[in-house]
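A.B. asks: I'd like to ask you about the structure that follows.
The values are calculated or read from the model by the stated rules, or taken from the named source; none is laboratory data. These numbers were taken from a predicted model, which means no experiment stands behind them. Glycine also receives a Cβ, built like all others from the backbone with ideal geometry; neighbour counts cover every protein chain displayed.
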Amino acid sequence: MKVELTRIPEVLCITPARFGDHRGFFSESWNKSRMAEQGITTEFVQDNHSLSSEVGTVRGLHFQSLPHAQAKLVRCGRGALFDVAVDIRKGSPTYGEWVGEELTFENGKQLLIPEGFLHGFITLQPDTEIIYKCSDFYAPECDGAVRWDSCGIDWNFKGTPILSEKDEAAPALADFESPFVYEG
């Protein structure tokens with residue numbers, strides 16, 4: 001397993017080893033003890049799986065506030081996506097900054113996004129599947145969003161993205177009062 005720091009050190013890019021032969025491959029996408037050896041002790045309680053049929057589908061930027069804040073471990077089960085994390089911890093030296101990683105079925109990369117970060121992605125191929133673990137259960141009363149185009153993210157996409165009504169109506173980062181505080 002390869003663990004790489006991103007520009008924001010709390011966000012990690014994890015690439016599990018793949019063991020292949022003429023049949024395909026095998027990979028451990030999550031192993032609690034191997035992650036602990038790397039200093040990653042996040043506990044996960046829920047797995048989510050979504051399919052976006054069209055290229056240019058944007059989901060996000062989403063978060064879940066306390067007391068049900070979520071860390072996420074995101075990977076691509078099929079297709080390709082550009083996955084993004086934005087720091088929204090008040091007082092953080094990287095507040096408002098973002099990191100992104102292309103996650104594809106082929107590269108097997110995963111992005112570990114801690115609590116206190118917005119999460120979103122744009123699909124790069126049709127019928128892209130996103131599979132991710134969450135450190136807390138979904139709690140609708142803690143669900144929130146920030147507008148996808150208000151954080152200076154280079155989505156590297158030409159055209160009009162496909163958005164949900166929730167994401168279209170989300171406030172801009174400049175108008176957002178974050179519930180998270182940097183504790184570093």
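A.B. asks: Listed residues G116, G120; which is out of contact with any helix residue (DSSP H, G or I) (no Cβ under 6 Å at 6 or more places or on another chain), at pLDDT 95 or above and at positive phi?
C.D. replies: G116
A.B. asks: Still on this structure, I have one more. Show the residue pairs that are 6+ apart or on different chains and have beta-carbon atoms under 6 Å apart, the first residue being within segment 156-184 and over 27 Å from K90 (Cα atoms) and in contact (Cβ under 8 Å) with a residue 12 or more places away in the chain, the second being among the charged types (D, E, K, R) and not in a helix (DSSP H, G or I).
C.D. replies: I162/E54
A.B. asks: In addition: Which members of segment 142-165 meet the condition of being surrounded by fewer than 13 Cβ atoms within 10 Å (Cβ to Cβ) and either in contact with a helix residue (DSSP H, G or I) (Cβ under 9 Å, 6 or more places away or on another chain) or under 21 Å from D87 (Cα atoms) (or both)?
C.D. replies: G152, D154, N156
A.B. asks: Regarding segment 78-100, can at least one residue be identified that is under 14 Å from the mean Cα position of the chain (by Cα), of a type in the set (K, R), at pLDDT 95 or above and over 24 Å from A170 (Cα atoms)?
C.D. replies: no
A.B. asks: If you take the residues of segment 54-86 that are assigned to a strand (DSSP E or B), touching a residue at least 60 places away in the same chain (Cβ under 8 Å) and of a type outside the set (A, V, I, L, M, F, W, C), which of them is farthest from Y182 (Cα to Cα)?
C.D. replies: T57
A.B. asks: Pick from D149, D136: which is of a type in the set (D, E, K, R), assigned to a loop (DSSP other than H, G, I, E, B) and in contact (Cβ under 8 Å) with a residue 60 or more places away in the chain?
C.D. replies: Testing whether each residue is of a type in the set (D, E, K, R), assigned to a loop (DSSP other than H, G, I, E, B) and in contact (Cβ under 8 Å) with a residue 60 or more places away in the chain leaves just D136.
A.B. asks: Shifting gears a bit: Of the residues that sit in segment 69-87 and are out of contact with any Asp or Glu (no Cβ under 6 Å at 6 or more places or on another chain) and buried (at least 23 other Cβ atoms within 10 Å of the Cβ), which one is nearest to E43 (Cα to Cα)?
C.D. replies: K72
Condition check ((1) under 16 Å from the mean Cα position of the chain (by Cα); (2) more than 26 Å from G77 (Cβ to Cβ); (3) hydroxyl-bearing (S, T, Y)) across all residues:
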{"position": "Y132", "(1), (2), (3)": "yes, no, yes"}
{"position": "Y138", "(1), (2), (3)": "yes, no, yes"}
{"position": "S150", "(1), (2), (3)": "no, yes, yes"}
{"position": "I153", "(1), (2), (3)": "yes, no, no"}
{"position": "P161", "(1), (2), (3)": "no, no, no"}
{"position": "E165", "(1), (2), (3)": "no, no, no"}
{"position": "A169", "(1), (2), (3)": "no, yes, no"}
{"position": "Y182", "(1), (2), (3)": "no, yes, yes"}
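A.B. asks: Would you confirm whether or not segment 125-132 contains a residue that is in contact with a Phe, Trp or Tyr (Cβ under 6 Å, 6 or more places away or on another chain) and under 22 Å from L5 (Cα atoms)?
C.D. replies: Taking every residue of segment 125-132 in turn, none turns out to be in contact with a Phe, Trp or Tyr (Cβ under 6 Å, 6 or more places away or on another chain) and under 22 Å from L5 (Cα atoms).
A.B. asks: With S52, S33, S65 as the choices, which residue is surrounded by fewer than 20 Cβ atoms within 10 Å (Cβ to Cβ) and either hydrophobic (A, V, I, L, M, F, W, C) or closer than 29 Å to G152 by Cα (or both)?
C.D. replies: Numbers: S52 fails: surrounded by fewer than 20 Cβ atoms within 10 Å (Cβ to Cβ); S33 fails: either hydrophobic (A, V, I, L, M, F, W, C) or closer than 29 Å to G152 by Cα (or both).
Result of the check over S52, S33, S65: S65.
A.B. asks: Quick check: is even one residue across segment 1-15 without any contact (Cβ under 8 Å) to a residue 40 or more places away in the chain, outside any loop (DSSP other than H, G, I, E, B) and in contact with a Cys (Cβ under 6 Å, 6 or more places away or on another chain)?
C.D. replies: Yes: one or more hits.
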